[in-house]
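First up is the structure itself, then whatever we jot down about it.
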Amino acid sequence: MENKIKTLLCAFVFGITSACYAVDTIIDVNVDDVAANEEFSANAVEEYNVDGSLFQQITDLEQEKVLMQLEKERAQLNLDLDRLAAEKIKLHMEIDTLSGRAEQQQQEFETERARLQNEAKRLENEREALSNKQVAPTPSYAPAQPSYAEPAQPKVETEITKKFKLINVFGAGSQLQATVQDLSNGQNKKLSVGKDLDGYTVKSISLDEGVVFSKDGEIQTLNVANGN
């Protein structure tokens, strides 16, 4: 760089010197003066110190500008490389996601195809079973046997059933009561356990058995069936 500056200075000085030579030639060319000027110019160029000079400052500024521009371009390049790396990672992630979805869809497709194959096989088996099924022979006609119903048991009447008819049983638990009707006059009477009815004592009352009476060790029952 220093040699370049010296060369530029030499050219500058030589240019000035040449101009002076031309003027001196027009006016009055002096060979000795020209030689002296050349020697002076050469010595000036040789002794010129570029350190700290205006040219040196300009050159340093230019170099700093170039270095700053290069640093800026390198920083931008690093940013671009980072962005490309991030996009590459994102692209790989998307590819992996799409690959996973494709595998899942393929697995679902295989499962559905296997199910349809099993269903088709089952239907085919059913069709073969139906085609191979023999028609059952029609049974020969046989006259229907007449059904004989058992004769109804005659209703057994007792002394209590001849006199009274059970109308209903009401209440709950041990508090059940019954309503009976006197067949001689049509009057209704309410009974509870322990009460007497025409010499009969009410032993128990239930929804299933009706009213159970006791008299001299004899047990008689009055229920809905007796009254029908």
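Brief remarks follow.
- Ranked packing of 87-95, 56-64, most packed first, by mean Cβ within 10 Å: 56-64, 87-95
- Given charges at beta-carbon only (K, R positive; D, E negative), |dipole| of region 66-125 in Debye: 60 debye
- Region 159-227, Cα convex hull volume normalised per residue, Å³: 76 Å³
- Compared with the alpha-carbon gap, the fully stretched path from GLN177 to ASP80 is longer by 24.7 nm at 0.36 nm per residue.
- Using θ = phi - 60° and Karplus 6.51 cos²θ - 1.76 cosθ + 1.60, couplings along region 195-201 (whole Hz; Gly, Pro as x): 7, 9, 9, 6, x, 9, 9
- Rounded to whole numbers, the Karplus 3J(HN,Hα) couplings from phi for region 95-105 are 5, 5, 5, 5, 5, x, 5, 4, 5, 5, 5 Hz, using 6.51 cos²θ - 1.76 cosθ + 1.60 with θ = phi - 60°, and x at Gly and Pro.
- If R0 is taken as 35 Å, the Cβ-Cβ distance between THR59 and GLU94 corresponds to a FRET efficiency of 0.10.
- Spherically averaged projected area of the convex hull of Cα atoms, region 59-117: 3.7 nm².
- Using Cβ point charges alone (K and R +1, D and E -1), the dipole size of region 178-227 about the Cα centre works out to roughly 180 debye.
We did not get these values from a lab; they are worked out from the coordinates using the rules stated. From a predicted model like this one, the values you see are computed outputs, not experimental measurements. Every residue, glycine as well, gets a Cβ built from its backbone with ideal geometry; the counts of neighbours run over all protein chains shown.
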